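Working notes, beginning with the structure itself.
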Amino acid sequence: MRKVLIVTLMLMLALGACAHADDVKIGACIYRFNDAFMLRFRQAMQAESEKLGAKIELADGQDNQSTQDEQVDAFIADGVNVLIVNPVDRMSSQSIIDKAKTAGIPVVFINREPTEEMLATYDKAYYVGAKAEESGTEAGELVASYFKAHPEADKNKDGKLQFILLKGQNGHQDMILRSKYSVEAVKEAGIEPVELAGAIANWDKLEAMKIMNGFIMSIGPENIEAVIANNDEMALGAIEALKAQDYNTGNPEAYIPVVGVDANASALEAMDKGEMLGTVLNDADGQGSAAVKLAVSLAKNAGAEGADGKYIWVPYQKVVRGEKQ
Ligand code: BGC
Ligand code: CA
C-alpha cells in the first residue's frame, strides 16, 4: 500500500515537472528587428509557436549587446521556461549561457553561432543554424558557372574574374565563411579570382549602396566583372548603385552579375526582373520552426528534438531566377 502511494506520488511529481506545450513560455531575443532576414525568422518562430500552442515573446536588441543582456535578465525574471537567443555579438554568448544555467532554463542560439567551447559549458545550450561555408560555396558556384557560360562576362579577356566583395558584420560567422568560401569556389571552378575591392557593409542595403557607388566611381563599372555580397540586402544595395549608372536595367552590354544569400522576396523579384543573377536560400522557415520545436521539447524536459549533439543544421539551396537548382 505504502509502496503504491510512493510510486503514485513519484509519478505525479514527474508529470508535474513535465509542462505541456500550452504552459511553455519562450523568451526570444533578436539582435535587431530591422533586418529583412530576421523578420522572416521571427515570423517562422511565431507560426511554429502558435502551431504548438506555446507562448513566445520577442525582444528587439537594436544591435546593442547591453540592451540584449537586459532583455535576457528581464525574460528570466519573468519566469520564461526557455530562451531563444540571436546574439548581437556572438562572442558574448558565454554570459547568456551562464545566466540561463543559473536560472536552470535551456537556451537555444540561432543565426549567430557561439563557439563549441561555450556551448559545452551547459548541457542545455544548443545552436540552430545553417552552415555558413555551404552558402559561400554555393554563391561562388553561381558566379563561376555564369562566368563560364558567358564569355563576354570576362570583360578584359584575361581569363580571371575581377570582382567586388560586400561583407556582413565583422565577426559574424556568415561574414567570415561566406567571404572565404565564395572566393574558394571560384578558384575550385578553375577561374582565378581577383578582388578589386571589398568592404564591410553590415548586412545593410543603404550602406552597401553607398560603398558600391564609391567603387563604381573609383574603379569604373566597365572593369567590374561580378559583385559577391554576403546577403541579399547588400546585393540589392549594389544593384541600386549599378542601376543609377544604367547598369543591370536590361541592356546586356551593361550588366554585372550580382549574387547574394537569403532568397528574400525582394531578391527573388530583382532576379525575375533580370537585375540580379542569383542567391542562396537561407531557410528561415526551417530554422525558425526547428528552433521553436527544440525549445519547446527542452522546456518540457522531453529531450532535444531534432538535435544532433548540440546542433541542428538546416541546409542552404542555390536559387537562380526563382528556380531552385
Ligand atoms: C543573413 C543576413 C542577416 C544576418 C543577421 C545572415 O544569416 O544572411 O541577411 O542580416 O544573418 O545575423
Ligand atoms: Ca577578367
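The values are calculated or read from the model by the stated rules, or taken from the named source; none is laboratory data. Because the structure is a prediction, the values reported are computed rather than measured. So basically every Cβ, Gly included, is an ideal-geometry build from the backbone, and we count neighbours across all protein chains shown.
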Residue match in the range 290-304 (condition: among the charged types (D, E, K, R) and surrounded by fewer than 16 Cβ atoms within 10 Å (Cβ to Cβ)): no
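Condition test on Ala139, is it within 16 Å of ligand 2 (Cβ to nearest atom) and aliphatic (A, V, I, L, M)?
Numbers: within 16 Å of ligand 2 (Cβ to nearest atom): no; aliphatic (A, V, I, L, M): yes.
No; evaluated as a whole, the condition is false for this residue.
Residue by residue, here is whether (1) of a type in the set (Val, Ile, Thr); (2) touching a residue at least 60 places away in the same chain (Cβ under 8 Å); (3) not assigned by TED's automatic domain parsing to the domain that holds Val85 holds:
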residue: Leu277; (1), (2), (3): no, yes, yes
residue: Ser289; (1), (2), (3): no, yes, no
residue: Ala295; (1), (2), (3): no, yes, no
residue: Asp308; (1), (2), (3): no, no, no
residue: Trp313; (1), (2), (3): no, yes, no
residue: Gln317; (1), (2), (3): no, yes, no
residue: Val320; (1), (2), (3): yes, yes, no
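For Tyr122, state whether it is closer than 24 Å to Asn282 by Cα and not in a helix (DSSP H, G or I). Please lay out each step first, then the result.
On the way: closer than 24 Å to Asn282 by Cα: no; not in a helix (DSSP H, G or I): yes.
When the stated conditions are applied, Tyr122 does not pass them.
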Long-range neighbours under 8 Å by Cβ, at least six apart or interchain, first residue small (Gly, Ala, Ser) within the range 159-173, second in a strand (DSSP E or B): Gly159/Glu192; Gly168/Ile200
Failed item in (1) more than 15 Å from ligand 1 (Cβ to nearest atom); (2) over 18 Å from Met276 (Cα atoms); (3) in a helix (DSSP H, G or I), with Ala199 passing the rest: (3)
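Going by what's in this entry, would Asn111 be described as away from ligand 1 (no atom under 16 Å from the Cβ) and either farther than 30 Å from Ile216 by Cβ or at pLDDT 95 or above (or both)? Quick ask: steps written out before the conclusion?
Values: away from ligand 1 (no atom under 16 Å from the Cβ): no; either farther than 30 Å from Ile216 by Cβ or at pLDDT 95 or above (or both): yes.
Taking the combined requirement at face value, the residue does not satisfy it.
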Among (1) surrounded by fewer than 18 Cβ atoms within 10 Å (Cβ to Cβ); (2) at pLDDT below 95, the one test that Asn213 misses: (2)
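Just to be sure before I move on: is Met212 in contact (Cβ under 8 Å) with a residue 12 or more places away in the chain and within 16 Å of ligand 1 (Cβ to nearest atom) in the structure I sent? It would help to see each step written out before you state the result.
Working: in contact (Cβ under 8 Å) with a residue 12 or more places away in the chain: yes; within 16 Å of ligand 1 (Cβ to nearest atom): no.
Here the answer is no, as Met212 does not meet what is asked.
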Residue within the range 188-195 that is farther than 19 Å from Asn264 by Cα and of a type in the set (Gly, Ala, Ser) present: yes
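Return yes or no: is Asp98 acidic (Asp, Glu) and either part of a helix (DSSP H, G or I) or touching an Asp or Glu at 6+ places or on another chain (Cβ under 7 Å) (or both)?
Details: acidic (Asp, Glu): yes; either part of a helix (DSSP H, G or I) or touching an Asp or Glu at 6+ places or on another chain (Cβ under 7 Å) (or both): yes.
Yes; evaluated as a whole, the condition is true for this residue.
Could you tell me whether Asp262 is surrounded by 23 or more Cβ atoms within 10 Å (Cβ to Cβ), in contact with a helix residue (DSSP H, G or I) (Cβ under 8 Å, 6 or more places away or on another chain), on the phi < 0 side of the Ramachandran plot and modelled with pLDDT of 95 or more?
Taking the combined requirement at face value, the residue does not satisfy it.
Keeping to the range 253-264, report how many residues are part of a loop (DSSP other than H, G, I, E, B) and either closer than 21 Å to Ala284 by Cβ or touching a residue at least 24 places away in the same chain (Cβ under 8 Å) (or both). Spell out how you get there, then give the answer.
First, pick out the residues of the range 253-264 that are part of a loop (DSSP other than H, G, I, E, B): 253-257, 260-261, 263-264.
Imposing the further condition that a residue be either closer than 21 Å to Ala284 by Cβ or touching a residue at least 24 places away in the same chain (Cβ under 8 Å) (or both) reduces the set to 254, 256-257, 260-261, 263-264.
Residues that pass the stated criteria total 7.
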Hey, Gly79 part of a loop (DSSP other than H, G, I, E, B), in contact with a strand residue (DSSP E or B) (Cβ under 8 Å, 6 or more places away or on another chain) and modelled with pLDDT of 95 or more or not: yes
Looking only at the range 158-184, and only at residues there that are under 24 Å from Ile219 (Cα atoms), in a helix (DSSP H, G or I) and away from ligand 2 (no atom under 16 Å from the Cβ), the one that is farthest from the chain's Cα centre (by Cα): Glu184
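For Glu269, state whether it is among the charged types (D, E, K, R), surrounded by fewer than 24 Cβ atoms within 10 Å (Cβ to Cβ), at pLDDT 95 or above and farther than 30 Å from Gln46 by Cα. Before you say what the answer is, go through the steps one by one.
Working: among the charged types (D, E, K, R): yes; surrounded by fewer than 24 Cβ atoms within 10 Å (Cβ to Cβ): yes; at pLDDT 95 or above: yes; farther than 30 Å from Gln46 by Cα: no.
For Glu269, the condition - among the charged types (D, E, K, R), surrounded by fewer than 24 Cβ atoms within 10 Å (Cβ to Cβ), at pLDDT 95 or above and farther than 30 Å from Gln46 by Cα - is not met.
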